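See below for the structure under consideration.
No value in this document is a laboratory result; all are computed from the given coordinates. Everything numeric here is computed off the predicted structure, so don't read it as measured data. Don't worry about glycine lacking a Cβ; one is built from the backbone with ideal geometry, like all the others, and counts go over all protein chains shown.
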Amino acid sequence: MDEEWRRKALCHKRNNVFWYPPLEAESPEQYYSIAREVCRCCSVWEQCLEDGRDEKWGMWGGLTPKDRSGASGGRSTLLKPHGSWVRYRQGCRCGECVDAHTESTKDVNLNMTGIPYMNEPVDDIGSVRFGLI
C-alpha cells in the first residue's frame, strides 16, 4: 500500500471522527457530510478510494460504505443520481456525471481551519460544517 498519497490528503492529521462516525451516533450522515466536503476537494481521492474500496467502515475517496457497496456490488438502489460528483466516483462516466465532478472540484475554496486536528475535541458538528463554507 502506497502511503505517500496519505500525506497529501486533506484529511491527513485531522480528527477522523468525520470519516469514521462513532457507532453510537444517531446520524452518521452529520459526520459524513463534513468529510464529504473535504473529500470532494481532495487531490488524492482516487488513491484513497482505491485503498478503501473493500473497507466495511469509514469514508474513502468521498464515498461512504453504502456508496461503495452500490458501486462495487451493482446495487442500483445505493447508486447516487446521475449528474452528481458522488455518482462519478461510484464509476459512472456519463457526460452528466463527468461534468458534475469537474464542476464540483473547480475553484474550490475550502476553509480547513474549522476541522479539528487529531486529539482535538469536536464540540459542535454544526459549527464545523458551517466553518467549511
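Once the Cβ-Cβ distance of SER127 and GLU103 is raised to the sixth power relative to R0 = 25 Å, the FRET efficiency obtained is 0.35.
Seen through its C-alpha gyration tensor, with square-root eigenvalues sorted a ≥ b ≥ c, the range 21-99 comes out prolate because a/c lies at 1.5 or above while a/b is bigger than b/c. Give the label of the value calculated from the structure for Rg/Rh (Cα atoms, Kirkwood Rh), choosing from [x] 1.17; [y] 0.98; [z] 0.95. Computed from the coordinates, Rg/Rh (Cα atoms, Kirkwood Rh) corresponds to [z].
By the rule of a second cysteine Cβ within less than 4.7 angstrom, the chain holds isolated cysteines at CYS11, CYS39, CYS41, CYS42, CYS48, CYS94.
Mind giving me the FRET efficiency for SER69 and MET112? R0 is 35 Å, r the Cβ-Cβ distance, nearest 0.05 is fine.
E between SER69 and MET112, to the nearest 0.05, is 0.75.
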